[in-house]
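J.: Dumping the structure here so I can ask a few things about it.
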Amino acid sequence: MYIYLLVMIKFRTLIIIGFFALQCINPSLAQYDNTPFLHHLPQDSSKINSLYLSFETLNFLKNNEYSSYIADGYTLFGSQFLPYFSYFAASKVRVNAGIYLQKDFGNDKFTAIEPYFSIKLSRKNFHLIFGNLEGSLNHKLIEPLYDFERVLNDRQEFGFQAMVDREKFFGEVWVNWENTIYKGDPVQEEIAGGLSIDKKFNLGKLEISIPLQLFVYHRGGQIDSSPNHLLTRVNATAGVNLNLPLGNFIESINGSAYYINSINGDSKTSNDQRQPPAGPVFPSLPQYPEASKGDTLVYGEGNGFYANAGLNLKHNLNLMASFWIADNFASPKGGQLYPSETSSYKKAGLIVSRRTLIIARIFHDWYLMDNVIFTTRVEPYWDLNTNAFEFAFGFYLNYRPEFLLWRNK
């Protein structure tokens, strides 16, 4: 598979160089900015013995115009609402309690009604969180490991989180307990978690960061009655991010390059059975020479290479080009375009071992006020295996006010 990557990179070089040349920057460049969507609850010594009421609202419309074999086309359209109280018991203790609501438009019922509770303990730049995590996009995982859409349809995380957050260093380890079980339950427990590290330094004006990321998904248990096998999936990546401030209309050029590995195992599946089933081309996929129809998941080891190149322009306008090449890659929570296993409902079980994509991205954040942000995203992509050209776009409105209710003077 490594020889394949080298050969593919060689044959695609002219295409990639031409595409990235349009961006006017080095092709080995950054993951895009999700700041408007982050759920971050800082400690504040000026708020000791104070009670605040906060609201986090996200209104969203994301439309995927996909009709290929690897992902379905659909629309996510709705609102999220999180009202919560925050009590700053001390300079090192913050307690949050509220309720999380989600309403998908066109559905008479709420998609989610969940309690929200967390305790955050802090000492200088070190933080511990129990309960609802500062999760989702806060983990800073790259898109092949964590799909942006999960902030729209799977945002809440529960468990334990430890963070070190300094100016030049970010480190985090977390456990998200997705499904708990009791004796005799017909389903398995599900646990996800990982490690995210980002070390920054400067070479003159050039800003460099080295990210290391690990994500683990486990499904199993010893007290359930489920016939399903124990399943563990691991993704690990190492990369480099570059950012060069310029000023004027082009504020900076930036980019990233990552090597990603995936390990996918089933406790009851032998090594001989863990590869995508061999055989003739799947009949409905004449343009996919490596496509096959299987009744199992992608097993064994896979890998991928992910590169981004971007321009940050004035008025919060960002342009980026991305390149993805992978073989037998799987990611339990990653973006739907990247894995070798389809996420399509009607084509479930389809495995397309080799994936090669070029993605363009146009992002714009409009700050109406400090706590009101309207975001527009357009993301066309080109599948080099099939010459398919498809796109997605989205509109998002984040509103996050905060009100002082009581202070003990």
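J.: List the number of the failed condition for Y74; all other conditions in (1) within 21 Å of L397 (Cβ to Cβ); (2) buried (at least 20 other Cβ atoms within 10 Å of the Cβ) hold.
T.: (2)
J.: Which one of these is in a loop (DSSP other than H, G, I, E, B) and more than 13 Å from the chain's Cα centre (by Cα): Y146, Y182? Break it down stepwise before answering.
T.: On the way: Y146 fails: more than 13 Å from the chain's Cα centre (by Cα).
Testing whether each residue is in a loop (DSSP other than H, G, I, E, B) and more than 13 Å from the chain's Cα centre (by Cα) leaves just Y182.
J.: Which condition from (1) buried (at least 17 other Cβ atoms within 10 Å of the Cβ); (2) under 22 Å from Y338 (Cβ atoms) is the one that N153 breaks?
T.: The one condition N153 does not meet is (1).
J.: Acidic (D, E) and more than 30 Å from S45 (Cα to Cα), is that true of E402? Write out each step before concluding.
T.: Numbers: acidic (D, E): yes; more than 30 Å from S45 (Cα to Cα): no.
The answer is no for E402.
J.: Same structure, new question: If I filter region 55-64 for residues that are surrounded by fewer than 15 Cβ atoms within 10 Å (Cβ to Cβ) and at pLDDT 95 or above, do I get at least one hit? Walk me through it before giving the result.
T.: Taking region 55-64 as the starting set, the residues that turn out to be surrounded by fewer than 15 Cβ atoms within 10 Å (Cβ to Cβ) are none.
There is no residue in region 55-64 that is surrounded by fewer than 15 Cβ atoms within 10 Å (Cβ to Cβ) and at pLDDT 95 or above.
J.: If you don't mind, there's one more thing I want to ask. Can you pull out every residue in region 226-270 that is polar (S, T, N, Q), touching a His at 6+ places or on another chain (Cβ under 8 Å) and assigned to a strand (DSSP E or B)?
T.: The first filter runs over region 226-270 and keeps only residues polar (S, T, N, Q), leaving 226, 228, 232, 235, 237, 241, 243, 248, 252, 254, 256, 261-262, 264, 267, 269-270.
With the extra rule that they be touching a His at 6+ places or on another chain (Cβ under 8 Å), the set shrinks to 232, 267, 269.
Correct list: T232 only.
J.: Please report, ordered by residue number, the strands (runs of 3 or more DSSP E) entirely within region 302-399 with at least 1 residues that are among the charged types (D, E, K, R), crowded, with 17+ Cβ neighbours inside 10 Å and under 19 Å from the mean Cα position of the chain (by Cα).
T.: Of the strands (runs of 3 or more DSSP E) lying wholly inside region 302-399, those with at least 1 residues that are among the charged types (D, E, K, R), crowded, with 17+ Cβ neighbours inside 10 Å and under 19 Å from the mean Cα position of the chain (by Cα) span 354-369, 372-383.
The values are calculated or read from the model by the stated rules, or taken from the named source; none is laboratory data. Every value quoted in this text rests on a predicted model; they were computed, and no experiment measured them. Quick reminder, even Gly has a Cβ in these numbers, built from the backbone with ideal geometry, and neighbours come from all protein chains shown.
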